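One structure is given here, and the rest of the page talks about it.
The values are calculated or read from the model by the stated rules, or taken from the named source; none is laboratory data. Quick caveat: nothing in here was measured; it's all calculated off a predicted structure. Positions of Cβ are backbone-derived with ideal geometry, glycine not excepted, and every protein chain shown enters the neighbour counts.
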Amino acid sequence: MKKNLIRTALLLLLIIFSFFLYSTGKIHYVFIDNKTVTSEDKTFSALDNVSVFVDKEDSVVIKKRIRKQFSVSGKNHKITVTIKDNDGTEILIEKKFSLKLSEKAIISIPLLYAGEENWIEKEKFNP
């Protein structure tokens, strides 16, 4: 009786630990758009000289009208965007976001730069 109880408890711990490892190692796709977008009857233009970090990946330069894809693992993520103005001033924007197990994210650089609330769009991902 005691032996079966210990085996059942160990099996239950193994299942919980497996789910934890699956959720922390799950790959998510994050798409970064630098395209002109219209939101709430306002138009936000694509930006020049945009450098993007997602989590700890290398910096990627995104030109106008381009979409880049990042593959990230885990639930919580951080995006860092560096934008150079026409006068050479650098603007640094950092945002944190989280994704559920079956979600992907589409991030709009012009909306993020303008401070809009809908800078990220989360969608269910079906591979």
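Quick look at the values:
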| item | result |
| --- | --- |
| Verdict on GLU40 being at positive phi and of a type outside the set (Gly, Ala, Ser) | yes |
| Selection count, segment 37-83, where residues are within 13 Å of TYR113 (Cβ to Cβ), outside any strand (DSSP E or B) and touching a Phe, Trp or Tyr at 6+ places or on another chain (Cβ under 7 Å) | 1 |
| Candidates SER39, SER71, filtered to the one that is touching an Asp or Glu at 6+ places or on another chain (Cβ under 9 Å), surrounded by fewer than 12 Cβ atoms within 10 Å (Cβ to Cβ) and small (Gly, Ala, Ser) | SER71 |
| Selected residue (criterion: surrounded by the most Cβ atoms within 10 Å (Cβ to Cβ)) from residues of segment 74-96 that are under 30 Å from TYR22 (Cα atoms) and of a type in the set (Lys, Arg) | LYS75 |
| Pairs, first among the aromatic types (Phe, Trp, Tyr) in segment 53-64, second part of a strand (DSSP E or B) and surrounded by 12 or more Cβ atoms within 10 Å (Cβ to Cβ), C-beta under 6 Å, six or more apart | PHE53/THR80 |
| Filter pass, SER23 being among the hydroxyl-bearing types (Ser, Thr, Tyr) and either surrounded by 15 or more Cβ atoms within 10 Å (Cβ to Cβ) or within 30 Å of LEU92 (Cβ to Cβ) (or both) | no |
| The listed residue being surrounded by 16 or more Cβ atoms within 10 Å (Cβ to Cβ) and modelled with pLDDT of 90 or more, out of LEU99, LEU112 | LEU112 |
| Residues that are surrounded by fewer than 10 Cβ atoms within 10 Å (Cβ to Cβ) and either of a type in the set (S, T, N, Q) or closer than 22 Å to GLU116 by Cβ (or both), drawn from segment 1-20 | ASN4 |
| Neighbours by Cβ (under 8 Å, 6+ apart or cross-chain): first from segment 78-100, free of Cβ contacts under 8 Å to residues at least 12 places away in the same chain and closer than 11 Å to ASN49 by Cβ; second surrounded by 12 or more Cβ atoms within 10 Å (Cβ to Cβ) and of a type in the set (S, T, N, Q) | GLU90/THR82 |
| In segment 50-63, the residues that are of a type in the set (S, T, N, Q) and either at pLDDT 90 or above or surrounded by 15 or more Cβ atoms within 10 Å (Cβ to Cβ) (or both) | SER51 |
| Condition check for VAL50: farther than 28 Å from PHE20 by Cα, among the β-branched types (Val, Ile, Thr) and free of Cβ contacts under 8 Å to residues at least 40 places away in the same chain | no |
